[in-house]
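Heads up, the thing below is written out as structure tokens.
Values in this text are rule-based calculations from the coordinates and carry no lab data. Since this is a predicted model, take the numbers as computed values, not measurements. Please note: Cβ atoms are built from the backbone with ideal geometry, for glycine as well, and neighbour counts cover all protein chains shown.
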Amino acid sequence: MRAVAFPDVFERVQNLLQDGQVLRVVGTLERGARDEKVGIRVKDASPLEGIEARQARALRVTVPLAQFSSPEQLEALFDLIHQCEGTLPLRLLLVDENFSAEVWPTRVSGVDPDRLLDRLATLLGPGSVEFLFNGS
């Protein structure tokens, strides 16, 4: 499929246009006047890598309370979160055998998922971190 970026758009996205680069392209489908082929008129483009973090409305971290039973362990978790402050809002899902509660920490207004995700996965295990989008 052909994609066309007019000069104003091209100027904004030209640094992304490299062989092998996977992009998210926003635009409109248009049919060519001469050849009737469908193409995309590009309005914007961004790297596909890391799109979850850029499009998410929040980051939810599931904290198994059995694993973090002491105040010191919880404090270590909060210190890690605090070291990775950013702009993405944070939600903590505290879970136990018969209990779960989602809380919004007040000590940190947001996190930087690029710095935090791997560190949290190491600490809490796979599947403990998820991006929240509209409607989730």
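Observations on the model:
- For the chain, built as a Gaussian network whose Cα springs stay under 10 Å, the top-fluctuating residue of GLN55, GLN14, GLN73: GLN14
- Estimated from the Cβ-Cβ distance and a Förster radius of 35 angstrom, the FRET efficiency linking VAL25 and THR106 is about 0.35.
- Gained length - LEU16 relative to ASP114, 0.36 nm times residue gap less alpha-carbon distance: 33.3 nm
- Counting only Cβ charges, +1 for Lys and Arg and -1 for Asp and Glu, the dipole size of the chain around its Cα centre is about 700 debye.
- The residues packed around ARG119, meaning those with a beta-carbon under 12 Å from its beta-carbon, carry a net charge of -3 if Lys and Arg are +1 and Asp and Glu are -1.
- Percent RCO, i.e. relative contact order, over segment 18-136, from Cα pairs under 8 Å lying at least 6 residues apart: 25
- Neighbour net charge for VAL25 - beta-carbon separation under 15 angstrom, K R +1, D E -1: +3
- Net length available on complete extension from ALA66 to PHE78 is 2.7 nm, with 0.36 nm assigned per residue and the Cα-Cα distance removed.
- Proximal charge balance of VAL4 [Cβ under 15 Å; K/R count +1, D/E count -1]: +2
- Length gained on full extension, THR122 to ASP96: 7.4 nm, using 0.36 nm per residue less the C-alpha separation.
- Distance in nm between pseudo-label sites at LYS43 and PHE6 (7 Å out along the Cβ direction from Cα): 1.3
- Computed over the chain, the per-residue total of -39500 (n - 2.57) for DSSP H runs of n ≥ 4 gives a 222 nm mean residue ellipticity of -8000 deg cm²/dmol, rounded to 500.
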